[in-house]
């Protein structure tokens, strides 16, 4: 609160005349140019207010006379980047996989485009980095059902599996339990035998199961459970499991098979993106 | 208009009556030329500092083909810092930390020993201000002439001198700003590019920026920078003590100040109160008031006073370099000795030595190979058809040598380990050969597959061992191999 200016005995300086609870403020004046700098910043702010978006309203805001908008600026940048990329993506579209892989720069571009497209479209089911989850193949592991070459991967991505597309990959496993092809105890025996193929042997005698397997399953899954990619029959003699490796899961699959669906992506993604995706998926570690 | 209370208005009137204001007009400082040993020393330091600053970028240093041949080059564009025979990478930034620590401690040490000599002699603000003042004197004359002319109404004589002065100042400022840029890009190249309008926007921007700051700070702001902007004077008091040698007016000898004729029966000190020390001061203070915030310890007042002492037939060094303790003793007729070894200085010296030793050892044992291995965040691991587990890693190999080199990567700690680099179609094999270009970083996606046998909580350590097949230099990076919990 203002009282009166007095001379401080210790410093010999006058006070400002302000006093708070007995504390008096010494007057050590600030240089005037400092004050002018403050005024200059205020003037700067005033100019800024006029030039750039500043005052909010109820339904909109004052956009400033320069009409600047961060959204528009981003859009311009995005369009510039798209234009910059266009040449590269056209090349990826036109060249064969072998040619793309020979060009490290193109390869790097495809890898980045593929990684982003994968994160946006594939990751919800196949997991980040293609780690997979029950019912959705682990792309990084390489237990391919339909083939792991670049061309095979591209084909799968473009047309999908059981997607309804004309060129979709399609296969049907018989419903051995539900349709009564095998009796429940026979299914148990087949399951016992199948489990020996991937290193989970049982104490029980599997000779009956082996016979049942040879009669019913080997036609698609192969004598040694090696699978058949032409038919889309998974390899059974493998540690990669689409659903689970427990006995219950095997029994359930034989009785009433679950058959997943993957959509066809050629209707949603352009050719260059699908090719980039194929290259990316191939590079995850399972590529053939 | 602003509305203030009646009481506040009263205060304002009261302040005005006392000549007090909340904001102070700048008091113009017209420092007078001095001659003498301190001034000569200050000129020598100034010429040396400026010579280093302006000429260092032009010093050449041969490093081989495709390498910059500038001795000191902070190449931000190529992310390299060249310092004579040393080359630093961005990840060597901790050397800069070490250097800054050493610089700070040296500053503390010097200040606690001989006061603010940094402020007085080597601070860029001092050096350029001094240079600008010299220009000013050459064109507008010394203190008295300048004061007289500034007080007169506008005249042609005044205008041309001012115009010429500012033109020369701007010229020096431009040269300063231009030299700054040369520490970041090749000096001869950027000089040609600058004048043929082919240099980058950054070059022009920073040249103009540093031209402007040099002109403003050394020409206009001067002592205002030291007194109001610089933080250093604010905490110097923590480094000064009674044993610090500073520019000191020997009050016991000088007081009482006596002008003109002296009488036998009236005590008179050596100070003739001529004000030569005040007019010589570049910050416009009176050294006879003792150590103060504004004093930059340049000692020009010493030269000014010595000159007067000589003319009036008194012993020189009335203003001198001395400690507070010595002055107190001398005032009582005692002598003291200079105490350089004090806890404060010893601590600074040991901190300095420690930093120097650590830096030197780090610099000497610096390797030209560096490896970092980042485990994939997802998936943590995958099980392969044959039952093995596989982890993915991003491997970064730093090749600081000037030759393209083949690096051999292998692992230890995983059973039946096999490495692969799927992008390049390398592997699986127990060791991978990876090519990295000269003076660059190679990034590879490497997978390691095997049978982990000592997983704890889903992971076990795995060592990546990298060897440069050309130099046989080797380095190890410990990472983790993940599996089911």
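Coordinate-derived values only; no laboratory data. It should be emphasised that the depicted structure is a prediction, and the values quoted were computed from it without experimental measurement. In this analysis, Cβ positions are derived from the backbone assuming ideal geometry, glycine residues included, and neighbour counts consider all displayed protein chains.
Observations on the structure shown:
- Between residue A:211 and residue B:437, the C-beta separation translates, for a Förster distance of 60 Å, into a calculated FRET efficiency of about 0.45.
- Per-residue Cβ neighbour counts within 10 Å put A:79, B:222, B:431 in the sequence A:79, B:431, B:222, beginning with the fewest.
- Using R0 = 30 Å, the C-beta based FRET efficiency linking residue B:144 and residue A:7 works out to 0.30.
- Efficiency of FRET from Cβ geometry, residue A:167 and residue B:474, R₀ 51 Å, rounded to 0.05: 0.45
- Percentage relative contact order, chain A, counting C-alpha pairs under 8 Å, at least six apart: 21
- Computed over the stretch A:184-255, the ratio Rg/Rh where both radii use C-alpha atoms and Rh is Kirkwood: 0.92
- What separates the Cα centres of the stretch A:210-248 and the stretch B:298-346 is a distance of 99 Å.
- Rounded tilt (10° steps) of B:37-55 against the dominant C-alpha axis of chain B: 30
- Among B:301, B:281, B:49, the order by Cβ neighbours within 10 angstrom, fewest to most, reads B:49, B:281, B:301.
- The protein assembly as shown, helix-only ellipticity at 222 nm - DSSP H runs n ≥ 4, -39,500 (n - 2.57), divided by all residues, nearest 500: -13000 deg cm²/dmol
- Between the Cα long axis of helix A:271-281 and the first principal axis of chain A there is an angle of about 80°, rounded to the nearest 10.
- Rough spin-label spacing in nm, given labels placed 7 Å along Cα→Cβ, for residue A:268 and residue A:111: 2.6
- Here is the P(r) of chain B: all C-alpha pair distances, binned every 20 Å from 0, give 17, 35, 28, 16, 5, 0 in whole percents.
- Cα-based convex hull, the stretch B:241-331, per residue volume (Å³, whole number): 89
- Cα-Cα P(r), the protein assembly as shown, percent of pairs per 10 Å interval: 2, 9, 13, 15, 14, 12, 10, 9, 7, 5, 3, 1, 0, 0
- Summarising the label geometry, the points placed 7 Å from Cα in the beta-carbon direction at residue B:66 and residue A:24 lie 7.6 nm from one another.
- Each principal axis of the Cα cloud of the stretch A:124-200 was taken in turn, and the coordinate range along them, longest first, works out to 41, 32, 23 Å.
- Pairwise centroid distance, computed over Cα atoms, of the stretch B:417-466 with the stretch B:129-175, Å: 70
- Cα→Cβ-extended label distance, 7 Å offset, between residue B:7 and residue B:241, nm: 4.7
- Gain on full extension, evaluated as 0.36 nm per residue between residue B:265 and residue B:151 minus their Cα-Cα distance, stands at 36.8 nm.
- Relative pair counts by distance (%), Cα atoms of the stretch B:369-482, 5 Å bins: 2, 12, 24, 25, 18, 10, 6, 2, 0
- The spacing between the stretch A:89-150 and the stretch A:155-204, judged by their C-alpha centroids, is 27 Å.
- The angle separating the long axis of helix A:184-197 from the principal Cα axis of greatest extent in chain A is about 70 degrees.
- With neighbours defined as other Cβ atoms within 10 Å of a residue's Cβ, the residues B:184, B:23 order from fewest to most as B:23, B:184.
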